[in-house]
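Reading through the structure tokens given below for one structure.
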Amino acid sequence: MQIESPTDEGRRAAASDGPAPLMHHAIGASIYRGIPEFSDLMLACRHHLTLTFVVGSVLAGTLAMVAWSWIRPSYHAEALVRVREKQNVVFTPQTSRSEDLAFFRSQAALVRSHQVLSAAFDDDEVQQLTHVVPAGNRVEWLDGLLRVETQSGSEVISITVHHETPLVAQAFCNAITRAYLDEITHRMMSDRKLRETQLEQAVVAADLQLDKLWEDLNSVARSVGSDSSESLTIRDEMQFQSYRDYAQQLQAAQLRGNQLQSQLDELQASHEGQPAVSEEVVEKLLRQNHEVSTARKQLMGLELQCQQMEKIAVSADSPQMRRLTDQRDRFAEELEQLIQRTRAEISETLQIQTQSEHQQLFAKLKQQIELNRSEKEFLRERLTELNSVVVRAAPKTAVPLDMSRHAVERQSRLADGLWKTLQEFRIEGRSQSRVALQSLATLPTQANHSRQLRAAAASGAGGWMLIMFVVGYLEWRDCRVRSPRDLVSRSRLPVFGTNSYAATQSKFGFGLRQKQTSGGVREAAARIFLRNQDSADCVTLMVTSCVANESRHLISQELAVVLGGFHRRVLLIDCDTDRGQLSRALGASRSDGIRQLPIGNQAPAVETIAALLVATNVDEVDFMPIGTPNADHAWIDPKTLRQVIDALRSRYDAIIVNGPSWMGATEGTLLAEEVDSSVFAVFVDDSRWNQLVLCEESARQAGIPLSGSIFHSGTGKSGLRLQPDRSKNDRAASPAADDTESETALRLEIDALQDELRRVQADGQPQGGPKESDTMTAKTEDVNHS
């Protein structure tokens, strides 16, 4: 009986397309998987938690200790400097909050400046430690050792230097602190001296100007006289007032004239630059025209009629359609002519209106400019008349005297203010400085291990990440089967046992699994054997795996036990030439088996084959061991397996062959051709899905029928045991005990004798041949008679 497997269609496709593309596709799908994501590698570590934890802990601890011992501890020397945010002043106004904060923060930058760090190397303590300063840019080296921290609330700047030697850290910290204090003091003193010098120069200049003004005042007083102040009259005052009023009016008229002239220039420039008529305005007026809008509506109506006629599938050559088309074209031409004519009229009208408006505006601006020019001429004439009167009356008035007195008073106030500012600045200069030393650095006694701790933590974390990456990558590249999803997503054949395995797992993805998973075996038995229970032929199946170290004999035993539980007579044959695990598991590794059958075209006798069968504790299951290897050959001839199956097919409902591995033994393909179909045994955490893909593709190219793969946990016991005593008792029992079995045995013996007779006749043996043929014929007749 030949079982139709899902691979038949794949084999037909492979035969038509060629085996090379399919094999290349299988190799590419199983080997070249691309680059994994980091999350995939982290998730892959969950299958090796103990290994990851142990190796990661060892490597992380080793790296942490190496980093701790490689990095030397440092000593921190700290000096404190007080920088007051607010300046302690009495006379000058207080600075703002932002200015105070800016000054305080700038001090940290000043400590790290090139001037301060360079001056620190000239300190006496540092001069004795020149051997610790590396060659090259020493300022950058010292800046790397320096740390400056500011705390605005406490008005304290912390200057810290770290080094492996405490004496060096203290010396450089004190040197930087002293250099900073010298620098800030020098800068503040320089600024103060410069300010004081500038104030002194301003005071001297103000005094000189005041003396000059006093001389001018005395000369004016002598020229005017002591009684000239009483000679001013109301008329002089009115003349002065009129002069001032006319001067203000003339200034306003000049400003207004400049504005009018600029407006005129702008108007001329805009009139020359912009086009005569705006297209947007023309289009807007064109859309508002009644004739154009009416013509457009008529044309749209004709367009709508044409579209409706086309929708109802009217031919374009029909008279009605042609008439509508001609009418639409005629209306379109008339509309275009109307639009052009109307556009020209609208443009001409707009151009005339625009020119008229510009001419009116030009005329208005020119008129205003002429009036402004006349007004300015009038005001200039009046100012000229009043100016002559003022000039004549000036020597006789006290105006120059008052003006000189006002200038003296103003310059006197300026000189007094400058003298006051200079005296206050000198008083403030004697106050306490904003920057003061609080404490120099002392010799540090305790080492700081923060760098070692950070390096150890970083090294440990790096070690953990490295181990997780390596373990995850190895697991990812190992292609181990961890769940049925790994097979279902990649295999083209049915996978038995996916649902039962999922039911045994923990709901939350962790926890203990069941020790035995036989759901895949039961599903395979139901779909391969029991679904064909109405058939009278025997079903033969070979259980194989990808590599030799997989426990495929467990699946073979469970299949036999499951079928025996359904009262099916089962023959279990061990053909595992890799290791013979099934015979060793049942304790028949030294018993005679299929290897002891003769090799050749002559089929062995049924009694010879039956003598190798061993009974088991399951009544319906018999077992044929693999046998001990001979010196001349250790493999199993496929013809021998075929002869055994042909001889015992009628006695059993199912024959299960525990075959060799597909990739480990060369005769796996040959033995698979002698059975109806084959299944691959796949074990959790042991099998590799990339090997399964390659084996399935290899079987597809070889034309081997496959029924799928059985997913198994790789643990558990089937409960199958051998009972040789029961088999001997069965052979010693009376043939009359079971008429059906006796008839079957006789029929098998008759068939074997007839086959042997035909083979002897075909060989044509000489002399003794006829006698043996007669003897064989007589035996056959005796058997038939019995």
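The values are calculated or read from the model by the stated rules, or taken from the named source; none is laboratory data. Source: prediction; values computed, not measured. A quick note on method: Cβ atoms are made from the backbone with ideal geometry, for glycine too, and the neighbour counts reach across all protein chains shown.
Side notes on the structure shown:
- Whichever residue in the stretch 659-672 is more than 19 Å from residue 557 (Cβ to Cβ) and either modelled with pLDDT of 90 or more or in a helix (DSSP H, G or I) (or both) and, among such residues, is farthest from the chain's Cα centre (by Cα): 670
- Residue list for the stretch 119-156, filter: part of a helix (DSSP H, G or I) and in contact (Cβ under 8 Å) with a residue 60 or more places away in the chain: 119
Residue-wise test of (1) touching a residue at least 40 places away in the same chain (Cβ under 8 Å); (2) among the charged types (D, E, K, R); (3) not assigned by TED's automatic domain parsing to the domain that holds residue 261.
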position: 285; (1), (2), (3): yes, no, no
position: 294; (1), (2), (3): no, no, no
position: 322; (1), (2), (3): no, yes, no
position: 337; (1), (2), (3): no, no, no
position: 364; (1), (2), (3): no, yes, no
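- Residues of the stretch 303-318 satisfying the condition of being part of a helix (DSSP H, G or I), among the charged types (D, E, K, R) and modelled with pLDDT under 80: 310, 311
- Counting only residues that are over 58 Å from the mean Cα position of the chain (by Cα) and in contact (Cβ under 8 Å) with a residue 12 or more places away in the chain, the stretch 626-658 holds 19 of them.
- Taken over the stretch 659-672, the residue count meeting the criterion of being surrounded by fewer than 20 Cβ atoms within 10 Å (Cβ to Cβ) and either of a type outside the set (Ser, Thr, Tyr) or outside the structural domain of residue 551 (by TED's automatic domain parsing) (or both) is 4.
- From 512, 571, 493, residue being within 20 Å of residue 705 (Cα to Cα) and either at pLDDT below 85 or assigned by TED's automatic domain parsing to the domain that holds residue 619 (or both): 493
- Some residue of the stretch 244-262 being polar (S, T, N, Q) and at pLDDT below 80: no
- Exactly one residue out of 142, 146 is farther than 25 Å from residue 434 by Cα, crowded, with 17+ Cβ neighbours inside 10 Å, within 46 Å of the chain's Cα centre (by Cα) and not polar (S, T, N, Q), and it is 142.
- Test for residue 111: is it at pLDDT 85 or above, closer than 25 Å to residue 442 by Cβ and touching a Ser or Thr at 6+ places or on another chain (Cβ under 9 Å): yes
- Residue identified as assigned to a helix (DSSP H, G or I) and modelled with pLDDT of 85 or more among 300, 321: 300
- One residue stands out among those in the stretch 565-587 that are more than 55 Å from the chain's Cα centre (by Cα) and assigned to a loop (DSSP other than H, G, I, E, B): the one that is farthest from residue 613 (Cα to Cα), which is 566.
- A single entry from 625, 629 fulfils the requirement of being at pLDDT below 85, in the same structural domain as residue 563 (by TED's automatic domain parsing) and farther than 18 Å from residue 538 by Cβ: 629.
- Screening 603, 610, 615, 585 for residues that are buried (at least 22 other Cβ atoms within 10 Å of the Cβ) and not polar (S, T, N, Q) leaves exactly one candidate, 603.
Here's the yes/no breakdown for (1) outside the structural domain of residue 580 (by TED's automatic domain parsing); (2) part of a loop (DSSP other than H, G, I, E, B); (3) surrounded by fewer than 24 Cβ atoms within 10 Å (Cβ to Cβ); (4) in contact with a His (Cβ under 7 Å, 6 or more places away or on another chain):
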{"position": "646", "(1), (2), (3), (4)": "no, no, yes, no"}
{"position": "657", "(1), (2), (3), (4)": "no, no, no, no"}
{"position": "674", "(1), (2), (3), (4)": "no, yes, yes, no"}
{"position": "690", "(1), (2), (3), (4)": "no, no, yes, no"}
{"position": "697", "(1), (2), (3), (4)": "no, no, yes, no"}
{"position": "707", "(1), (2), (3), (4)": "no, no, yes, no"}
{"position": "717", "(1), (2), (3), (4)": "no, yes, yes, no"}
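- Being modelled with pLDDT under 90, crowded, with 17+ Cβ neighbours inside 10 Å and in a loop (DSSP other than H, G, I, E, B) is true of residue 550.
- All told, residue 615 meets the bar of being over 19 Å from residue 643 (Cβ atoms), among the hydrophobic types (A, V, I, L, M, F, W, C), in the same structural domain as residue 698 (by TED's automatic domain parsing) and assigned to a strand (DSSP E or B).
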